[in-house]
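The values are calculated or read from the model by the stated rules, or taken from the named source; none is laboratory data. The model shown is predicted, which means the values in this text are computed figures rather than measured ones. FYI the Cβ positions are ideal-geometry reconstructions off the backbone, even for glycines, and counts take in every protein chain you see.
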Amino acid sequence: MSNTRFRLPTITIRDAWSWTWPKLFAIALVLGAWEILYLSEWRPSYVLPGPIETFAALFDMVGTERFWLAVKTTITRAGTGSLLALVIGSIVGIAVARIKPLRLAVGNVITGLQVMPSIAWFPLAILVFGLNEQAILFVVVLGAGPSIANGVIAGIDHVPPAFTRLGRVLGAGPVALYRDIVLPAALPTYVAGLVQGWSFAWRSLMAGELLVIIAETPSLGTTLDFARQMSKVPELIATMIVILLIGMLVDTIFGTISRKIRRDRGLAIDD
Amino acid sequence: MTQAEVMLRTNNVSKSFGPEGAATVALSGVDMTIRAGEFVTIVGASGCGKSTLLNLFAGLDRPSAGTLEVNGKIALMFQEATLLPWLTARGNIELALNYAGVSRKNRDARVAELLEIVRLGEWADKRPHELSGGMRQRVALARCLAQGAQIVLMDEPLGALDAMTRDHLHDEIESIVAAQGLTVVFVTHNMREAVRLGDRVILMGSRPGRVVYEQSVPLKRPRAMDSNDIASRAAELTNRLKAEQGTLQGADS
Ligand SMILES: Nc1ncnc2c1ncn2[C@@H]1O[C@H](COP(=O)(O)OP(=O)(O)OP(=O)(O)O)[C@@H](O)[C@H]1O
Ligand SMILES: [Mg+2]
């Protein structure tokens, strides 16, 4: 076993818990506020059901096969899109960080893409690809890729010059310098980019599933849309809760990895 | 008697930083020859260009004028420990062994040996931020020795250490250098340390950085840090440095 390579950190239950409980607390607050709103009869209960009715609907929904098909479709899309964004974003990021002319040409474009709301790409994507998976994936990748690429670029830019000088003194070749020094040094910023990339991917995907309805394929987006059309409000809100939970779960995993990496290096944990 | 091979030489080397006109002249007209197996210590006021000179030798920077000769593989121990924070003490040393071409199966034993020399055997699996400043310096020293170079440049390697640890490392460095026939350039602010370790002490002056005085130290080894010979030579160096800085006060024999 060699210790010179970077290894993925191990995560304890305690890490996960200390990251999770504030979120659980926040959920409790929201549920409380919701129940009060419901009891106040601000809107009729067929428009705004209470938490109990909604969770009953959620419970029923979880028992159906269609629900799990929907979750599977959506998660598969999120996974494929994020993975594609990860690969493309990382490669583009490294290329832009390494190659000066490319940086001048593409650096600002990436930041521009990051600022552009990815939902604005959908009309074009639908025309180019049709109402299908590719259109959705295209926008998810465009949503997440720039954050990931920018994370790589910022990470590499901020590698302390002392580390690269050390690499030269130790006799690292260009590949070893990147593998052993530059990339590990850039890792915390890279992971921060991944966290941001994920939230953009998830948002883009939900927008995509609402805009690009592929009728024969149930997804969380279509479930939302059908619930709205049928005025099944408890089901609608239940689906929203599922969307929220999946987003938070993945964010929690990334966040925990990120905190662990920073703690291992004695860096400040800023969130 | 034939003289040993030249390992390091500067010919009228100058180094300035910054734009012309407003440049900082770090080194000016430095001539220095260091031969195989020599242990040379460099002393001089803060900012006189010692680190700059080591960087030039290590090829991290180019001289603005003059030429440089380097005959052999160089290891440089930076003034700051510069350990990689994602690796343990062991990992930092292993990385240097890896680049030095030490085979994987020999690395563990070599790491243990080096950590023993710097008295950090128990701390192998700690990360840099879990170590004290002096411990980090010692890991950097071990890493420097791990590089398997013939020429070793050390920039105030023992600055942050207590007297006992420092004395121990003087002995260790001295014996490793003798056993492996290393050529050493060792920068320090401590005049006694310079005399204790050096075959030759080079005193550098400031503004611009240059060589102002050299003293060979023919004292027999092992030498004791608190011996009178070392004390009187160190005092002489201190006086020279003060004179050079124009701050020598009062009459002194
Ligand atoms: N990269 C740099 N850019 C600009 N100026 C520099 C740079 N490196 C060193 N200098 C200048 O060169 C001079 C010599 O610096 P150097 O670090 O070599 O001093 P030193 O003798 O090692 O001092 P110390 O004993 O405090 O470590 C200083 O005036 C410093 O400001
Ligand atoms: Mg210095």
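Here are some notes:
- Top-ranked residue in segment B:149-187 [being within 19 Å of B:V6 (Cα to Cα) and of a type outside the set (A, V, I, L, M, F, W, C); ranked as nearest to the other protein chains (Cβ to nearest Cβ)]: B:Q150
- Exactly one residue among A:R43, A:R14 is of a type outside the set (D, E) and in a helix (DSSP H, G or I), and that residue is A:R14.
- Looking across segment A:211-229, the residues that are surrounded by fewer than 18 Cβ atoms within 10 Å (Cβ to Cβ) and at pLDDT below 90 come down to A:I213, A:I214, A:A215, A:E216, A:T217.
- Checked against the criteria, B:A45 counts as near ligand 1 (Cβ under 9 Å from one of its atoms) and over 20 Å from A:A162 (Cα atoms).
- Residue within segment A:64-80 that is at pLDDT 85 or above, among the aromatic types (F, W, Y) and exposed (fewer than 11 other Cβ atoms within 10 Å of the Cβ) present: no
- Checking each residue in segment B:24-77 for being within 14 Å of another protein chain (Cβ to nearest Cβ) and closer than 17 Å to B:H189 by Cβ picks out B:S51, B:T52, B:L54, B:M77.
- Lone qualifier among A:L267, A:L249, A:L205 - being touching a helix residue (DSSP H, G or I) at 6+ places or on another chain (Cβ under 9 Å) and in a helix (DSSP H, G or I): A:L205
- Check on B:E130, exposed (fewer than 15 other Cβ atoms within 10 Å of the Cβ), modelled with pLDDT of 90 or more, over 14 Å from the mean Cα position of the chain (by Cα) and more than 14 Å from every other protein chain (Cβ to nearest Cβ): no
- Residue count, segment B:48-59 (criterion: near ligand 1 (Cβ under 10 Å from one of its atoms) and either in contact with an Asp or Glu (Cβ under 8 Å, 6 or more places away or on another chain) or within 17 Å of B:A75 (Cβ to Cβ) (or both)): 7
- Verdict on B:G18 being at pLDDT below 95, within 14 Å of chain A (Cβ to nearest Cβ) and farther than 30 Å from B:P218 by Cα: no
- Evaluation of B:A81 against (1) surrounded by fewer than 17 Cβ atoms within 10 Å (Cβ to Cβ); (2) modelled with pLDDT under 90; (3) within 16 Å of ligand 2 (Cβ to nearest atom) (one fails), failing number: (1)
- Hits in segment A:192-201 - residues which are crowded, with 22+ Cβ neighbours inside 10 Å and either within 14 Å of chain B (Cβ to nearest Cβ) or not aliphatic (A, V, I, L, M) (or both): A:G193, A:G197, A:W198, A:F200
- Where strands (runs of 3 or more DSSP E) fall entirely within segment B:164-239, those with at least 1 residues that are acidic (D, E) are at B:210-216.
- Among the residues of segment B:133-182, just one is closer than 17 Å to B:V43 by Cα, surrounded by 21 or more Cβ atoms within 10 Å (Cβ to Cβ) and away from ligand 2 (no atom under 16 Å from the Cβ), namely B:V152.
- Close pairs from segment B:1-30: first more than 16 Å from ligand 2 (Cβ to nearest atom), partner part of a loop (DSSP other than H, G, I, E, B) and among the aliphatic types (A, V, I, L, M), Cβ under 9 Å, at least 6 apart: B:A4/B:A36; B:E5/B:A36; B:V6/B:A36; B:M7/B:A36; B:S16/B:A23
- Residue in segment B:62-77 that is in contact (Cβ under 8 Å) with a residue 40 or more places away in the chain and within 13 Å of ligand 2 (Cβ to nearest atom) present: yes
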